[in-house]
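Accompanying notes for the structure given below.
The values are calculated or read from the model by the stated rules, or taken from the named source; none is laboratory data. These numbers were taken from a predicted model, which means no experiment stands behind them. Neighbour counts are summed over all protein chains in view; Cβ atoms, including those assigned to glycine, are modelled from backbone coordinates with ideal geometry.
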Amino acid sequence: MKLLEKILVPIDINIDSKEQINTAIKIAKLSDSEIFILYVLPEEGLKGAIKDLVFSSATKALDKIKNVFVKEGITVCEPVIKYGKPVDKILKMAAKEDVNLILTGSGSKKEEKKIKRGYTAEKLMRQSKKPVWVVKSDKANKLKNILCPVDFSEHSKCALKTAILLSKFFNARLTILGVYEEYANYSPRFTMDIETENVHRLKQFEREMEEFIKEFDLIGINHNIEIEAGSAHVEILKTIEENDHDLLVMGTHGRSGIKRFVIGSVTEKVTREVPCSFITTKTEVVFNVQCDNEVNEIETHYKIANDLFKNGHYNDAIGQYLICLQINGMHIPSLFKLSETFRIIDDSAKAKYYGDMANDVLTKLWDDGIAKDIKKYYTSGNQ
């Protein structure tokens, strides 16, 4: 089982799909994914010669897209053309092929730096059980600065797991954002001390955030945790604009009633205006790691990492070594190579961190004599 085995890429040949395809290439190369291409034609209005002409034109366009993937050395299935409602056909194919991710375009044009979410993308977000990645079409997707808002619900846990894995995968910076509502007294009949109440709310929210974060492994992740007061969707959009985040990861359901916070209706408000690409999740994380094929997966990513390292692509190599550790946190070769790579790029703190971690693992697993032999092997360039 690959970390990201199958990606469904629904294409609309009538709009610019360049960034959607580039993002799919970037992910597929790093995770050795298989690409499925789908285009949906309407059932109405196509008959006889016109239907044949449209089908032929669509086939040629999809073949060109397929060849782009092939030239990049990516495994891609024959493009599929279906007739009917786009969302229905996309969801059926996603279920049939058991894909890990649906990667679609935003279906929109630039409008005052905001995405006006397309109808298909919006319905996919609401109905898909699979993670949906909506790619902004008018801006290069660097995947280096990720934002994940949380409300401490199970759905935001799923979103944060995805965000953490993506941060490791792309060696990206991760910002975890929490927003709480300040108390505002608009009635003279109430005499509550507003300042004291808001200090209490902030401290309570900070305690909740601290407990929430304890469940996640953020070791080796370049991350920061931010807490803001205000309206959730306003603060999320403000954070993206001010910090130039290029990917937003959010759950699609969450708290309800008085405690409704980020997930749910706020997700819809944010994604209507968000100036970057975004992923929405319900119950599945983007990456699905299984232990039964753990060794094969580690070997695959370790080989990719070493190839990147030898060619001087150190940041990309770090992402691959971190994937090995995500599969097995005691993978000694990756720990030593991370230490070596960080030394090369002059990050002595992280070099020491991973070197110490490797030595700690060796101490726990082996006696002193064997540990020395293993350490000598993995630091001598033999691997």
If Glu235 satisfies every condition in (1) charged (D, E, K, R); (2) in contact with a strand residue (DSSP E or B) (Cβ under 9 Å, 6 or more places away or on another chain); (3) part of a loop (DSSP other than H, G, I, E, B) but one, which is the exception? (3)
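Quick test for you: out of Lys142, Lys168, pick the one residue that is of a type outside the set (Asp, Glu), more than 15 Å from Ile236 (Cβ to Cβ) and part of a loop (DSSP other than H, G, I, E, B).
Values: Lys168 fails: part of a loop (DSSP other than H, G, I, E, B).
The match here is Lys142.
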When (1) out of contact with any His (no Cβ under 8 Å at 6 or more places or on another chain); (2) buried (at least 16 other Cβ atoms within 10 Å of the Cβ); (3) at pLDDT below 90 are applied to Arg126, the one that fails is (2)
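Residues checked against (1) closer than 30 Å to Lys238 by Cα; (2) modelled with pLDDT under 95; (3) in contact with a helix residue (DSSP H, G or I) (Cβ under 8 Å, 6 or more places away or on another chain):
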site	(1), (2), (3)
Glu78	no, no, yes
Lys85	no, yes, no
Ile90	no, no, yes
Met93	no, no, no
Asn100	no, yes, no
Ser106	yes, yes, yes
Lys109	yes, yes, no
Glu112	yes, yes, no
Lys116	yes, yes, yes
Is there a residue in the stretch 79-86 that is surrounded by fewer than 18 Cβ atoms within 10 Å (Cβ to Cβ) and outside any strand (DSSP E or B)? yes
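Against the definition (at pLDDT 85 or above, assigned to a loop (DSSP other than H, G, I, E, B) and not assigned by TED's automatic domain parsing to the domain that holds Glu226), how does Lys66 come out, yes or no?
Working: at pLDDT 85 or above: yes; assigned to a loop (DSSP other than H, G, I, E, B): no; not assigned by TED's automatic domain parsing to the domain that holds Glu226: yes.
Here the answer is no, as Lys66 does not meet what is asked.
Pull up the stretch 329-355, narrow it to residues that are outside any helix (DSSP H, G or I) and among the charged types (D, E, K, R), then point me to the one that is nearest to the chain's Cα centre (by Cα). Working first, answer last.
So in the stretch 329-355, the residues outside any helix (DSSP H, G or I) come out as 329-331, 345-347.
Right, trim to among the charged types (D, E, K, R) and you get 346-347.
Details: Asp346: 27, Asp347: 25 Å.
Filtering the stretch 329-355 for residues that are outside any helix (DSSP H, G or I) and among the charged types (D, E, K, R), the one nearest to the chain's Cα centre (by Cα) comes out as Asp347.
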Test set (1) among the β-branched types (Val, Ile, Thr); (2) surrounded by fewer than 18 Cβ atoms within 10 Å (Cβ to Cβ); (3) more than 26 Å from Leu101 (Cα to Cα); (4) at pLDDT 90 or above - Thr191 fails condition number: (4)
Just give me the residues in the stretch 268-301 being at pLDDT below 75 and assigned to a loop (DSSP other than H, G, I, E, B), in sequence order. Lys282, Thr283, Glu284, Val285, Val286, Phe287, Asn288, Val289, Gln290
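Hey, among Ile7, Ile27, which residue is outside any helix (DSSP H, G or I) and in contact (Cβ under 8 Å) with a residue 24 or more places away in the chain? Talk me through it step by step, then tell me what you get.
Details: Ile27 fails: outside any helix (DSSP H, G or I).
The unique qualifying residue is Ile7.
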I need the full set of residues from the stretch 206-251 which are acidic (Asp, Glu) and at positive phi, in order please. Asp244
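Could you tell me whether the stretch 217-227 includes any residue that is touching a Phe, Trp or Tyr at 6+ places or on another chain (Cβ under 8 Å), part of a loop (DSSP other than H, G, I, E, B) and under 27 Å from Ile323 (Cβ atoms)? Spell out how you get there, then give the answer.
First pass over the stretch 217-227, keeping only residues touching a Phe, Trp or Tyr at 6+ places or on another chain (Cβ under 8 Å): 220, 227.
Narrowing the set further to residues that are part of a loop (DSSP other than H, G, I, E, B) leaves 220.
From what's left, under 27 Å from Ile323 (Cβ atoms): 220.
Yes, the stretch 217-227 has at least one match.
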Could you give me the residue pairs with C-beta distances under 8 Å whose first residue belongs to the stretch 241-254 and is closer than 20 Å to Lys168 by Cβ and surrounded by 21 or more Cβ atoms within 10 Å (Cβ to Cβ), whose second residue is aromatic (Phe, Trp, Tyr) and modelled with pLDDT under 95 wherever it lies, and which are 6+ apart or on separate chains? Leu247/Phe278; Leu248/Phe278; Val249/Phe278; Met250/Phe278
